[in-house]
Structures are given as structure tokens and as C-alpha cells.
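J.: I have a structure here, written as C-alpha cells, and I will follow up with some questions on it.
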Amino acid sequence: MQSSSASSSYTTHYQLRLMAVKDLAESTINDNTIAFFSKSWCPYCKAAKALFKEKYPDTQIKIVELDETEGGDDLQSYLADKTGQRSVPNVFINKKHVGGNDKIQALQKQGELIKLINPKA
Ligand SMILES: N[C@@H](CCC(=O)N[C@@H](CS)C(=O)NCC(=O)O)C(=O)O
């Protein structure tokens with residue numbers, strides 16, 4: 001809570017942390033074909049990981065285990081604000097937010113997942 005109405009020109013540790021979280025999330029999304037935000041114990045994450053491994057073994061994927069990453073809770077909150085989705089897995093393909101395991105499995109069944117992974121095919 002600020003004690004005066006004038007806004008401070010100082011950048012707080014809290015603001016710096018949020019900036020770092022945003023940078024990490026956005027660079028993960030922008031620099032990888034599949035950006036897969038996960039938790040190591042999550043069964044839905046395991047199911048979606050298995051699908052990508054089985055069906056798209058040659059597609060580059062970056063998996064971030066939020067429960068094993070410093071600031072993982074903040075990352076999860078950032079993703080929730082950005083996408084409206086708080087649950088994991090939270091998957092982006094070619095920078096586009098796709099969703100969780102249910103969505104990934106459904107897109108695969110419909111033959112639509114390949115189009116997101118390889119739009120030129
Ligand atoms: N319908 C979702 C279910 C995902 C889900 O329930 N994930 C759990 C972990 S297994 C979750 O995110 N819980 C909240 C949390 O861990 O913060 C999907 O298909 O991805």
C-alpha cells in the first residue's frame with residue numbers, strides 16, 4: 001500500500017520479480033515450437049506429454065515443471081492472467097495458446113493438432 005498519492009519512480013523488488021516472470025513466460029512461449037507448462041506430478045500433464053512424445057517425437061518441445069521452477073507459482077499466475085487458464089498442462093503451440101490436456105487430446109482426434117504444429121503441411 002502506498003502512503004502518498006504520488007506514484008513512486010522506484011522499481012520495487014516485487015515489480016522486478018513480475019517483470020522477470022513475464023520475460024520468462026513470454027520467451028518460453030516465443031522461442032519454442034511447443035511451450036508446455038506443467039507440474040511434475042500432474043496426471044493430465046503426463047497424458048499430454050505422452051501424446052506429444054508418441055505422435056510428434058521430432059517436434060521441439062520445452063517443458064517447464066512449475067513445481068520445480070523458482071517462481072513457478074508466479075508463472076502460473078501470469079499464465080492465468082494471460083490465458084484465463086490456471087490449470088496445467090497449459091500448452092502453447094507456435095506462440096498460440098491451445099489449452100490443457102482435454103483440448104490437446106480432442107485436437108489430435110480431430111486431426112487438427114498437426115495443423116497447429118506444422119501450419120505449412
Ligand atoms: N481439464 C484439465 C484438467 C487439468 C487439471 O485439473 N490440472 C490440475 C493438476 S493435475 C491443476 O492444474 N490443478 C491446479 C494446480 O495445480 O494449481 C485438462 O484437461 O488439462
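The values are calculated or read from the model by the stated rules, or taken from the named source; none is laboratory data. Predicted model, so just to flag it, every value in this text is computed and none were measured. Note that we place each Cβ from the backbone using ideal geometry, even for glycine, and neighbour counts take in every protein chain shown.
J.: Restricting segment 79-110 to residues that are among the basic types (Lys, Arg) and near the ligand (Cβ under 9 Å from one of its atoms), which is farthest from the chain's Cα centre (by Cα)?
T.: Lys103
J.: Would you be able to tell me the number of residues in segment 34-70 that are within 17 Å of Asp23 (Cβ to Cβ), more than 9 Å from the ligand (Cβ to nearest atom) and at pLDDT 95 or above?
T.: 5
J.: Among the numbered conditions (1) closer than 23 Å to Gln108 by Cβ; (2) surrounded by fewer than 17 Cβ atoms within 10 Å (Cβ to Cβ); (3) more than 10 Å from the chain's Cα centre (by Cα), tell me where Asn32 comes up short.
T.: So Asn32 meets the others, but not (2).
J.: If His97 satisfies every condition in (1) of a type outside the set (Lys, Arg); (2) part of a strand (DSSP E or B); (3) buried (at least 18 other Cβ atoms within 10 Å of the Cβ) but one, which is the exception?
T.: (3)
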